[in-house]
Each structure stands twice: as C-alpha cells, then as structure tokens.
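Student: This is the structure I want to talk about, given as structure tokens.
The values are calculated or read from the model by the stated rules, or taken from the named source; none is laboratory data. Only a predicted model underlies this, so the values are computations on that prediction, with no experimental measurement involved. Here the Cβ positions follow ideal geometry from the backbone for every residue, glycine too, while neighbour counts run over all protein chains shown.
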Amino acid sequence: MTAVTTSFPNAATEWRLPSRGKVAMAGLIIAESAIFTIFVVAYLFYLGKSIAGPTPREVLETPIFYTICLLSSSLTIHLAAKSLERDYGRLFLGLWLLTIALGGLFLYGTAQEWHRLIYERGLTISTNLFGTTYYSLVGLHAFHVTVGLIMLLVVAIFGFMGRVGVSQSDRVAVLSMYWHFVDAVWVVVFTVVYVLGR
Amino acid sequence: MASDAITVPVGQIEARPWVDELHQWLTTVDHKRLGILYMFSALLFLVIGGVEALIIRIQLMHSHNNFVSPEVFNRMFTMHGTTMIFFVAMPVLFGFANYLIPLMIGARDMAFPRLNAFSFWLSFLGGLLLYFSFLGGSGLYGAGNAPDVGWWAYAPLGARAFSPGHSSDYWTLSLLVSGFGSIGTAINIIATVLCMRCPGMKLSRMPLLAWLNLVMGGMVLIAITPLSAAQIMLLIDRYLGGHFFDTQAGGSAVLWMHFFWIFGHPEVYILVIPAFAFLSEIIPVFSRKPIFGYPVMVAATVAIGLVSTSVWAHHMFTIGMNSYANSFFAITTMAVGVPTGIKIFNWIGTMWGGKIQFKVPMLFCIGFLFQFLIAGLTGIIQSCVPFDWQLSLSYFVVAHFHYVIVGGILFAIFGAFYYWYPKMSGRMLSERLGKWHFWLFLIGFHLTFDVMHIPGLLGMPRRIYTYEPGRGWDTLNFIITIGAFIQAIAILVFVANLIISYFKGARAGNDPWDAWTLEWSISSPPPAYNFATVPTVASRRPLWDLKHPKDPDSRYE
C-alpha cells in the first residue's frame, strides 16, 4: 500500500474529502437502481406470458412527445444548477420552473395514457400479467417523478422567498443528480416497455 | 492529541428528572446513543427469538410430541427466522457500526445524524409491527395471527388464497419498513466513512472495521433492495389483484424464489462482514501484533462482496435449473470460499508468533475461527449439486446455516460486546462470568448444532411438526434440545453480566486493552462531542504512535 509518511502539518492542509450529500445521493441512486432492475427483470420475464389479452402491441402507443419533455428537463435542470453556481439567481429560477413544467407535462402524459388504457382498452393492474408488470414498472417511475417534482417545488418556493443562493448550489446539485437519475431510468423503461416489449 | 477533554465546571451539570432523560433518549440524534438503542432493541428481540427457538426445540424433543399445535409451530419457526435475521443480527451490527465508526475515524458524528435516528426508529418499529401481528393478524377472518409461511414466504404461500387474514401482510410490511431503515443506515455508513474521516485518515489507514462496514453498506444497497422490490410486488398481488406470483394467471413462483435469494444470500455476507470486522480489530490487540496483510484483507472483503452477489441460486438447486445454471452457481459458491479462506489465514497469521492474551473477547474470536471454518466447509460440501439434491430442506442445512450465524456471527458479536462494553459503559465486564458465558455457550452450541447435522443426513426434513418413532432421530433430537437450553442459560449469564457489571464492574479507564485505534484515546464512556480537538493520524495505529513516539508505525507503512 502507500508507503508515504506524511508529516502532520502537511496532512492537515491537503485534507480533502468528497461531499457527503453527493456520496449519499449516489448511494440512494445505486439502491434505487437495484429496485428498478428487479421490476424491469419481472417485466421482461413476463413478456408474452399473459394468458389473456390485451397485449402490449395492441394497446401501447409510444409517448414520444412526453419523453422529449422529460429528457429535456434534464438539460434545463443542469443549466439551472450551473447558473446558480455562477450566482445568476433569476436565470436559475426561470430554468427551475421550466424543469418543473416539463416534469409536470410528463406526468400529465402518463396520466392521460393510463386513463386511455383503463377506460378505453380495459387494461388494469389486475387484468393480466402485462397489466400487472406494466402499471407497477411505469407507476414506480411515475412515483419517483412525483417525489422529484415535490422536492423541486419546495426549492422553487424557497427560491421565490429569496432563500436560494450560491451557498445552496451544492444542495441543488444533489437534487439535480436525483432528477438526472429519474430521467435515465425513463430511458431504460422506455426502451424496455415501448421498444423491446412490443 | 485527542486524549484531552473539555472540562465542565462543577455545578453546571445537574441531575435531570427521568422523564427528561427518557425524552432525550427518544429524540436523540447522537450516534453513540442510537448505537446503544440499536443494541438494546436487538437484545430484546434476541430474547424473544430465543424463546421461540426453545418452543421449537421442546416440540421436537421426542417423537409424537404435542407441546404446541402445528399452527403455532409454523408461526414459531417463521417468527424465529424473521426475528433473528432482521431484528437481531442486522440491528446489533448496525448498532456497533453506528457507535464505532465515527469514533474510529475521528469524527463528531455520522454524516447524517437525523437520517440515522429515522433509520433506527424505522427498523425498531418494523420489529414491533411484526410482533403486533399476534394481536392484529387475524383481523376479521379468524385465520390465524402471526405469520406462518416460513421466513422466505415462498409463492404461492404468501398469496391471498393460501394466506388469508393479515398475517402475511404484517410480515411483508415489517420487512419493507425495516428494509428502508437498513438502506438509510447503509447510505449513512458509506457517507460517513468516505466523507467524515479526520485529517490523515486515508482509506489505506482506516481501521479495518470501517473498511469492512463500508463494503457491508455497499452490499446492503444492492441486496436489501431486491427484497423491498419483491415485497412491493407481493403487496400489489395481495391488495391490488396483481399476478406477479399468481401461477393461475401465468405468474411464476420461481421468480419469487430468485428475487428472495438475490437478497437472501448476500444477506449472509452483510451479516458476516461486520463480524469479520470485529475479529480484525480484536485479534491484533490480544495477539499484541498489527493485523497481518491489511491490504489483502481489504481486497478479500471487496472480493467477497462482489462474488457473493452471484451465488444466490445455490439455494434453489432442487427446483430443476438447467445444468449450465447449476454449474455456474456451484462454481461461484466454491469461489467465494477463496477470499474467505484468505481472511482466515490472515487472522491466524496475526496470531502467529504473537503474545496471545486469552481474555474473553479473544476466546470468542478463537471460537469463531474454528466454527466459521467448519460452517464454511459444510457450505462448500453443499455447493456440490448432487449432494445438495440429497440434503436440501433437511436438518443438515439448518445445522449448516446456524453454524454460520450462531457459531460465526453471534460468537463475533459476543466478542465485540466484551471488547467494547468498557468503552460504552465505562465499566469492565466480569471476566469470571464472561468465561462461564463462553464455555457454557460453546458446549451448548456444539451439543445442538454438531449433532443437528446427523438427523439431517438421516433424512429429517426441516420445518416438520413432529416425526415417527423408530427412525433413529429421537435421541439425537433430545440431545439437540438439551444443547439449546444450555445456550439459553449462557445467554442469561451474559445478560446478568451486562447488568451486574454496569453497576459493579471495575472502572475501565480510557484504554483498558492497551489498544491502538482512536476510540480508546477518549474517555469511557465518550463525551457527547467525541473528540475535544480533531485528531490527526499518520498511520493505521494512531495510539501506538502516541505511546511509542520514538518508534511510530508511520515510519514503516
């Protein structure tokens, strides 16, 4: 191992440790990834094993517009966090609200899709295996989007009260890590459900 | 360095009424208090789980016994397994991690003290929820109270049709809740170890206990979460009419087994790695030598963590997987023995040529070495697929994993209690009672679990309510039950020792064992702020450097 003998004063001045917020969020993301992996595995395992219809091919429509909304919100939150770091407070708030709007739009898209599936196609969580796995996988993701939106809204409220400044940029960066994760999960869910699964 | 303390003028400290004291314990975010709360709750559940084990053993004492009804017997083994794993072993190990890691790395507290408190209360209330099932489980159905589907609740046993009432819901929800607590604690441990180290405490200088708990935390993140996911699926099946594990709608019972064991096998390593951590701290101190092969110990731990995530299906050889899957899981299972063997050699290497002091903590560690080796060997035996086909679901398996968990993990935990109790309470545990505890427990353990292999080989299946006479199982089961009672007496001696020594034990002082890690540099019990001045370290044994300024470790590392 390291055979370096650091003298005390030297060690004290050069001492740098990773940010605990970022490490903890990375840990949460690893844990959440494992949960999503299990749901994705279940979805793939049960593809085509439903005894009764409807099948994914019959009822699913690819939500391209809402996907673009969610993925571009990753860009806006990144720019928002960067502008907060550089102390552009108003730009930050604008981009932050745009992120919330894009995320909200995505949730609206999911709601609309579910409404159509339930009331027009008669697919519920208890209809067949496809229904069970589809609603739980997409629902788990939508739940994470909802939690993310609530946290984004809290920051926005603090922003309007003028409480979010450069000193909070680290915390905002941690929150944006979570939002990026939610987007990345959607890429996987989208690929599995709407591309491979049909 | 850190041995100085902040002195509070006399008169500022006033005795508080007990309600205030209780309020402080309930609302605490201090890592030391939370650590002790974890241990208290674990000891409470240890006694409850132990009573359940005794009920199982009395029932099996001789053939055609009817000490309890079959229904109660099912509840007892389900509750015993669930309690011991989730509400005894994990909390007590988290408790030690909580208490020790900040002290060992020279930190004021864990990285997230409030998350820490939240995680503890989730885990504790999860345990209470599980036991509330005795009162609330039957609901309106009158269908039995406590969970009775086994600690792995194989599908479709957990489904509505086969488990009416709410007993399985209590099982699912309590594991889900305590699982979230475990994830919170794991994140906290990882963030603490990576981000809270005192100046000079590089990763290569960290005490092995911190290193091993870091690996444990990483494993919790990827192993507990599949269980949480599977529990969510089971809840969807039970409450929303889903079909995940509903074979009549095309669902798969085998998928539940996979999801459970993807959690279940790494869980063993989540429990045993902190036990390894205790050994890696205790054996060097009582051998009067630094740990042998520090970097290899770290590497072996990481290797165990990685390999152990790909061995789970060796619990499922009997379901009829294809020969490729069987071979893969047999090979990985054998492979995980390699880094584990390296660790055993390193502990022996540490003892080799040392001036070994046979104090009680060391006795328990030596017991661990022998018993964990045998437990590992019977594990390797069962990785041979044809042999496992014969022995799966027999008492041989029960003997094997109790050998790991009791003979290994519990022995290490007892060692840790004897080693760190002086730091936590300021009093030494009695050596005399400790030796009684050790020898009684050792005899009881071997009487129970050595003998238990034999009825397994003779074909006695696990979880049976009773058996026919004349199969040659009666005498063996009687001996096993006697051993279980000797273990129970040993536990009573231990609890008595904890209580008596708290009031009458010899004063410990800062450093009763002449040890080398930072927690021994401060008073016992440590002050709320831990270190009056932030310590700076230059080697793996900072207290050795302090005690031997002319020959510090930092010169050689």
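Student: For the range B:147-179, what are the residues that are at pLDDT 90 or above, among the hydroxyl-bearing types (Ser, Thr, Tyr) and under 17 Å from B:PHE132 (Cα atoms)?
Tutor: B:SER168, B:TYR170, B:THR172, B:SER174, B:SER178, listed by residue number.
Student: What single numbered condition from (1) under 25 Å from B:ALA42 (Cβ atoms); (2) touching a strand residue (DSSP E or B) at 6+ places or on another chain (Cβ under 7 Å); (3) not acidic (Asp, Glu) fails to hold for B:MET460?
Tutor: Going through (1) under 25 Å from B:ALA42 (Cβ atoms); (2) touching a strand residue (DSSP E or B) at 6+ places or on another chain (Cβ under 7 Å); (3) not acidic (Asp, Glu) one by one, B:MET460 breaks only (1).
Student: So is B:GLY337 within 14 Å of another protein chain (Cβ to nearest Cβ), among the small types (Gly, Ala, Ser) and either surrounded by 23 or more Cβ atoms within 10 Å (Cβ to Cβ) or touching a Gly at 6+ places or on another chain (Cβ under 7 Å) (or both) or not? First the steps, then the outcome.
Tutor: Values: within 14 Å of another protein chain (Cβ to nearest Cβ): no; among the small types (Gly, Ala, Ser): yes; either surrounded by 23 or more Cβ atoms within 10 Å (Cβ to Cβ) or touching a Gly at 6+ places or on another chain (Cβ under 7 Å) (or both): yes.
So B:GLY337 fails the test.
Student: Still on this structure, please answer the following. Just to be sure before I move on: is A:LEU152 crowded, with 21+ Cβ neighbours inside 10 Å and over 18 Å from the mean Cα position of the chain (by Cα) in the structure I sent?
Tutor: Working: crowded, with 21+ Cβ neighbours inside 10 Å: yes; over 18 Å from the mean Cα position of the chain (by Cα): no.
So A:LEU152 fails the test.
Conditions tested, residue by residue: (1) modelled with pLDDT of 95 or more; (2) surrounded by 11 or more Cβ atoms within 10 Å (Cβ to Cβ); (3) of a type outside the set (Lys, Arg); (4) at positive phi.
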{"site": "B:ILE6", "(1), (2), (3), (4)": "no, no, yes, no"}
{"site": "B:VAL10", "(1), (2), (3), (4)": "no, no, yes, no"}
{"site": "B:ILE13", "(1), (2), (3), (4)": "no, no, yes, no"}
{"site": "B:VAL19", "(1), (2), (3), (4)": "no, no, yes, no"}
{"site": "B:GLN24", "(1), (2), (3), (4)": "no, yes, yes, no"}
{"site": "B:LEU37", "(1), (2), (3), (4)": "yes, yes, yes, no"}
{"site": "B:SER41", "(1), (2), (3), (4)": "yes, yes, yes, no"}
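Student: Examine the range A:105-113 for a residue that is out of contact with any Lys or Arg (no Cβ under 8 Å at 6 or more places or on another chain), of a type in the set (Phe, Trp, Tyr) and within 27 Å of A:ARG86 (Cβ to Cβ), and state whether such a residue exists.
Tutor: Restricting attention to the range A:105-113, the residues satisfying the condition of being out of contact with any Lys or Arg (no Cβ under 8 Å at 6 or more places or on another chain) are A:105-113.
Those left that are additionally of a type in the set (Phe, Trp, Tyr): A:106, A:108.
In the following step, the residues that additionally are within 27 Å of A:ARG86 (Cβ to Cβ) were identified as none.
Checked against the condition, which is being out of contact with any Lys or Arg (no Cβ under 8 Å at 6 or more places or on another chain), of a type in the set (Phe, Trp, Tyr) and within 27 Å of A:ARG86 (Cβ to Cβ), the range A:105-113 yields no hits at all.
Student: Restricting to the range A:118-132, and then to whatever is of a type in the set (A, V, I, L, M) and either under 20 Å from the mean Cα position of the chain (by Cα) or in a loop (DSSP other than H, G, I, E, B) (or both), can you tell me which residue is nearest to the other protein chains (Cβ to nearest Cβ)?
Tutor: To start, the set of residues in the range A:118-132 that are of a type in the set (A, V, I, L, M) comprises A:118, A:123, A:125, A:129.
From the residues that got through so far, the ones that are either under 20 Å from the mean Cα position of the chain (by Cα) or in a loop (DSSP other than H, G, I, E, B) (or both) too are A:123, A:125.
Values: A:LEU123: 13, A:ILE125: 5 Å.
By that ranking, first place goes to A:ILE125.
Student: Which residues, counting only those in the range B:465-485, are surrounded by fewer than 18 Cβ atoms within 10 Å (Cβ to Cβ) and under 26 Å from the mean Cα position of the chain (by Cα)?
Tutor: Within the range B:465-485, B:ILE482, B:PHE485 qualify.
Student: Take residues that are closer than 22 Å to A:ILE38 by Cα and tell me which of the helices (runs of 4 or more DSSP H) falling wholly in the range B:255-359 contain 1 or more.
Tutor: Details: elements: B:294-307, B:323-335, B:337-351.
Because the criterion is at least 1 residues that are closer than 22 Å to A:ILE38 by Cα, the helices (runs of 4 or more DSSP H) in the range B:255-359 that meet it are B:294-307, B:323-335.
Student: Regarding B:TYR419, is this residue over 23 Å from B:LYS32 (Cβ atoms) and crowded, with 20+ Cβ neighbours inside 10 Å? So that I can check it myself, show each step before the final result.
Tutor: Details: over 23 Å from B:LYS32 (Cβ atoms): no; crowded, with 20+ Cβ neighbours inside 10 Å: yes.
For B:TYR419, the condition - over 23 Å from B:LYS32 (Cβ atoms) and crowded, with 20+ Cβ neighbours inside 10 Å - is not met.
Student: Further, regarding this structure: So which helices (runs of 4 or more DSSP H) are wholly in the range A:1-117 and hold at least 1 residues that are modelled with pLDDT of 95 or more and more than 15 Å from the chain's Cα centre (by Cα)? Show your work before the answer.
Tutor: Details: elements: A:8-13, A:20-45, A:56-59, A:64-85.
So the answer is A:20-45, A:64-85.
Student: Continuing with the same structure: Which of the residues that make up the range B:232-265 are at the interface with another protein chain (Cβ under 7 Å from one of its Cβ atoms) and either touching a strand residue (DSSP E or B) at 6+ places or on another chain (Cβ under 7 Å) or over 16 Å from A:PHE45 (Cβ atoms) (or both)?
Tutor: Selection gives B:LEU240, B:GLY241.
Student: Hey, another quick one. Given the conditions (1) within 14 Å of chain B (Cβ to nearest Cβ); (2) more than 24 Å from B:ILE232 (Cα to Cα), report the number of the one that A:PHE92 does not fulfil.
Tutor: Here A:PHE92 meets the rest and fails (1).
Student: Okay, moving on. For residues that are at the interface with chain A (Cβ under 9 Å from one of its Cβ atoms) and of a type in the set (A, V, I, L, M, F, W, C), tally how many sit in the range B:172-188.
Tutor: The number of residues fulfilling the criteria is 3.
Student: Restricting to the range B:200-217, what's the tally of residues that are at pLDDT 95 or above and facing chain A (nearest Cβ under 8 Å)?
Tutor: Count: 1.
Student: Now for a different question. Report yes if B:ARG462 is within 14 Å of another protein chain (Cβ to nearest Cβ), in contact (Cβ under 8 Å) with a residue 24 or more places away in the chain and basic (Lys, Arg), otherwise no. Break it down into steps so the answer makes sense when it comes.
Tutor: Numbers: within 14 Å of another protein chain (Cβ to nearest Cβ): no; in contact (Cβ under 8 Å) with a residue 24 or more places away in the chain: yes; basic (Lys, Arg): yes.
It is false that B:ARG462 is within 14 Å of another protein chain (Cβ to nearest Cβ), in contact (Cβ under 8 Å) with a residue 24 or more places away in the chain and basic (Lys, Arg).
Student: I would also like to ask the following. From B:MET257, B:MET297, grab the single residue that is out of contact with any Cys (no Cβ under 8 Å at 6 or more places or on another chain), touching a residue at least 60 places away in the same chain (Cβ under 8 Å) and within 30 Å of A:ILE51 (Cβ to Cβ).
Tutor: On the way: B:MET297 fails: within 30 Å of A:ILE51 (Cβ to Cβ).
After ruling out the rest, the residue left standing is B:MET257.
Student: Let me ask something else. Of B:ASP545, B:ASP514, B:ASP551, which residue is farther than 26 Å from B:ASP30 by Cα and either in contact (Cβ under 8 Å) with a residue 40 or more places away in the chain or in contact with a Lys or Arg (Cβ under 6 Å, 6 or more places away or on another chain) (or both)? Give the derivation first.
Tutor: On the way: B:ASP545 fails: either in contact (Cβ under 8 Å) with a residue 40 or more places away in the chain or in contact with a Lys or Arg (Cβ under 6 Å, 6 or more places away or on another chain) (or both); B:ASP551 fails: either in contact (Cβ under 8 Å) with a residue 40 or more places away in the chain or in contact with a Lys or Arg (Cβ under 6 Å, 6 or more places away or on another chain) (or both).
Only one candidate qualifies: B:ASP514.
Student: A further question on this structure: Given (1) in a helix (DSSP H, G or I); (2) out of contact with any Asp or Glu (no Cβ under 8 Å at 6 or more places or on another chain); (3) within 14 Å of another protein chain (Cβ to nearest Cβ), identify the lone condition not met by A:HIS144.
Tutor: Only one criterion is unmet by A:HIS144, namely (2).
Student: On to the next question. Which ranges mark the helices (runs of 4 or more DSSP H) fully within the range B:375-490 that have 3 or more residues being charged (D, E, K, R)?
Tutor: Hits in the range B:375-490: B:431-457.
Student: Looking at (1) part of a loop (DSSP other than H, G, I, E, B); (2) hydroxyl-bearing (Ser, Thr, Tyr); (3) free of Cβ contacts under 8 Å to residues at least 40 places away in the same chain, which is the only condition B:SER539 fails?
Tutor: Single failed check for B:SER539: (3).
Student: Right, next: Does B:ALA229 satisfy being out of contact with any Lys or Arg (no Cβ under 7 Å at 6 or more places or on another chain), more than 8 Å from chain A (Cβ to nearest Cβ) and on the phi < 0 side of the Ramachandran plot? Reasoning before the result, please.
Tutor: Details: out of contact with any Lys or Arg (no Cβ under 7 Å at 6 or more places or on another chain): yes; more than 8 Å from chain A (Cβ to nearest Cβ): no; on the phi < 0 side of the Ramachandran plot: yes.
So B:ALA229 does not fit the description; no.
Student: Let me ask you something else. Could you please tell me which pairs satisfy a Cβ distance under 8 Å, a separation of 6+ or placement on different chains, a first residue in the range A:55-82 that is within 20 Å of A:LEU123 (Cβ to Cβ), and a second residue that is modelled with pLDDT under 95 and not aliphatic (A, V, I, L, M)?
Tutor: A:THR55/A:GLY48; A:PRO56/A:GLY197; A:PRO56/A:ARG198; A:ARG57/A:ARG198; A:GLU58/A:ARG121; A:VAL59/A:ARG121; A:LEU60/A:GLY197; A:LEU60/A:ARG198
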